[in-house]
1. Of Lys60/Lys99; Lys99/Lys235; Lys110/Lys188, which sit over 19 Å apart, Cα to Cα?
2. What ranking, highest mean first, results for peptides 291-299, 199-207 when packing means the other Cβ atoms within 10 Å averaged over each residue?
3. Mind listing the Cα extents of the chain along all three principal axes, in Å, largest one first?
4. Applying a 10 Å radius around every beta-carbon, put 348-354, 98-104 in order of their mean neighbour count, most first.
5. Go through 66-79, 40-53 and give me the packing order, highest mean Cβ count within 10 Å leading.
Amino acid sequence: MNIPKSQLRANEHSQTLAINQLSLERAASGEKVFAFGFGQSPFPVPEEICAALADSARRKEYMSVQGHAPLRNAIAAFHGQLENKRWQADQIVVGAGSKILIFCVMAALKRAEVLLPAPSWVSYDPQARLAGHKVTWLTTRFEDRWLLTPEQLDGYCRARTDETLPLLLILNSPSNPTGQTYSSAQLKALAPVLRRHNVIVIADEIYSLLNYDNDYAALDEFYPEACIVTSGLSKWCGAGGWRLGFAHVSESLGNDFLQAVIAVASETYSCAAAPVQVAATRAYSNQELARNFLDRQTTLLGAVARHCSDALTSAGAAVHAASGGFYLFPVFESFRERLAARGIRSSEQLATALMAETGVALLPGSAFGMPEDSLTARLAFVDFDGAQVLDTGGREPSFDKVREGMDVLSDWLDGV
Ligand code: PLP
């Protein structure tokens with residue numbers, strides 16, 4: 001039986017798939033590809049944590065849906081030490097990556113209006129639609145470093161006509177795709193607006209430990225009453241494929257809500273893989289190892305991020321230097337006329353032409369909720385061997401492939 005398209009949910013991700021497809025074809029034909037499209041950690045999982053996973057391979061039991069209690073205790077203590085969180089282990093839900101937990105939180109609500117600052121990570125919008133919610137994009141400005149301002153949020157909330165739906169905002173800091181981090185003053189200013197309009201917030205802090213400076217500020221410090229904080233092993237521990245994440249649900253959202261989130265987890269993934277939960281307990285218990293690993297990663301990421309934003313600025317693009325994570329979000333507005341003369345009028349056309357002509361893979365800004373015609377893109381500057389750059393033996397770490405890719409991109413912009 002062939003199921004017709006009319007019975008299927010629309011695939012919203014054709015744009016990113018198209019670039020991935022082009023880059024696969026190019027690589028298969030032996031041509032060079034600068035893989036700045038996909039953003040996974042280039043760093044290896046520390047040996048000690050890998051050994052813990054190997055040791056726990058025989059853990060075959062289903063674990064509690066909410067998560068292995070020693071792991072939840074370790075997560076609360078770890079984030080207490082490293083980020084001053086005052087979390088209760090009982091308010092933490094562990095899952096197979098933070099992505100599924102963001103979905104569980106959304107699916108626990110009957111119907112809500114999900115507010116997404118544009119640009120935002122690609123999965124929030126389709127997840128919200130799968131959960132049956134209304135999605136509203138709030139387009140941020142380059143001049144505001146792509147951050148949602150209290151005025152913009154307040155203006156939208158005051159003007160909205162249908163006030164029956166609860167509001168759920170997703171705020172991601174440091175941001176994928178922009179690399180920008182909210183300061184404590186900015187979060188403090190957002191809090192009264194969130195309070196005024198009773199906004200529930202998913203604070204996606206998956207990159208918080210990869211903030212380059214030691215000044216990370218978290219929304220739940222200023223708005224503790226309605227935050228669900230999500231994070232996990234994927235970014236700071238280089239373990240995306242291990243699929244281990246968690247959500248900390250603010251106690252004041254009520255036990256019914258926490259139980260509703262756990263119920264969705266129970267009816268979908270049951271529990272995160274038992275061996276991974278045991279290994280993760282080790283990862284979250286060794287704060288010394290984590291601090292050391294994080295220091296080295298943030299120094300290296302900061303250096304490569306700076307190189308890329310400087311290169312983009314010299315080439316004539318507008319970009320904000322990244323303050324955390326793996327990404328930059330350049331604007332190619334100053335090339336608009338020259339690009340239009342070549343038939344390039346959208347971010348998708350820009351990314352496709354760049355890939356086809358140079359092998360540089362960027363993702364179009366429209367994939368992150370930006371208007372079709374905005375000449376923006378996301379650049380993930382992690383096409384380097386993390387194990388090698390961590391182990392430099394005292395030499396300057398080399399990011400040759402990233403440097404070469406940036407040169408190729410600059411030359412292409414010069415020639416348009
Ligand atoms: N949030 C953001 C902004 C991300 O970039 C990612 C992964 O790419 C996730 C959440 C999901 O992370 P995981 O499900 O691996 O914990």
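All of the numbers you see were taken from the coordinates with simple rules; none came from a lab. The structure displayed is predicted, hence computed values, not measured ones. Backbone-built Cβ (ideal geometry, glycine too); neighbour counts: all protein chains shown.
1. Lys60/Lys99; Lys110/Lys188
2. Values: 291-299: 16.0, 199-207: 23.8.
Ranked by mean Cβ neighbours within 10 Å, highest first: 199-207, 291-299.
3. Cα extents, longest axis first: 59, 59, 57 Å.
4. Per-residue mean Cβ counts within 10 Å order the peptides as 98-104, 348-354.
5. Details: 66-79: 20.6, 40-53: 17.9.
Top of the packing list down: 66-79, 40-53.
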